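Down below is the structure, laid out as structure tokens.
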């Protein structure tokens, strides 16, 4: 794929990949992003706004609407809102990461996900391959700490867990490696906003 239609980062940069439906993006996503930039000493974070989540029954709002909403919330120049999965033609995280690593062999990627996602990570296709490919930062979510740390994936990868005190080096460590980040939490979710009728904006 031509590089000019993909985000740019200088060789050697530490780039966080924050994937999701962002249906809709909300201040909690911004909160997580800012903490991840600091704790992981990242140079960039790319929000990967997905075409759709294979594990979710209902289709999300239109991609452009979700992209526009995300861009209206995040103003940090180090953060890029992207439709990379659409551009790359990937729908599954394992394929997206493999494609990005092929396109950007000189970048140091970190996969960022919420603790609720770690709890169900073993249901993701080729989840072991994802863990073997890229360092992972798991961000605490309200009520999700125990389910996450007691999950199939956490137990399987317990020997590769990095202490939070060493989180700044996560991007430079060879996978498999992961770190659980405890940050001040905000009880807000995309599903809650949809349930309250705050999204989509028609």
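A short reminder: the numbers here are calculations on the coordinates, not readings from a lab. Quick caveat: nothing in here was measured; it's all calculated off a predicted structure. Positions of Cβ are generated from backbone atoms using ideal geometry, with glycine treated the same way; all protein chains shown enter the neighbour counts.
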query: With each pseudo-label sitting 7 Å past Cα toward Cβ, what's the residue 68-residue 155 distance in nm, one decimal?
result: 4.7 nm
Footprinting exposure proxy for 111, 124 (fewest neighbouring C-beta atoms within 10 Å first): 124, 111
message: Starting from the 7 Å offset along Cα-to-Cβ, what nm value, one decimal, do you get for the label separation of residue 123 and residue 86?
response: 2.6 nm
Ranked list, fewest to most other Cβ atoms within 10 Å of each Cβ, for 75, 87: 75, 87
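By counting other Cβ atoms within 10 Å of each Cβ, how are 183, 112 ranked from fewest to most?
Numbers: 183 16, 112 26.
Listing 183, 112 from fewest to most nearby Cβ atoms yields 183, 112.
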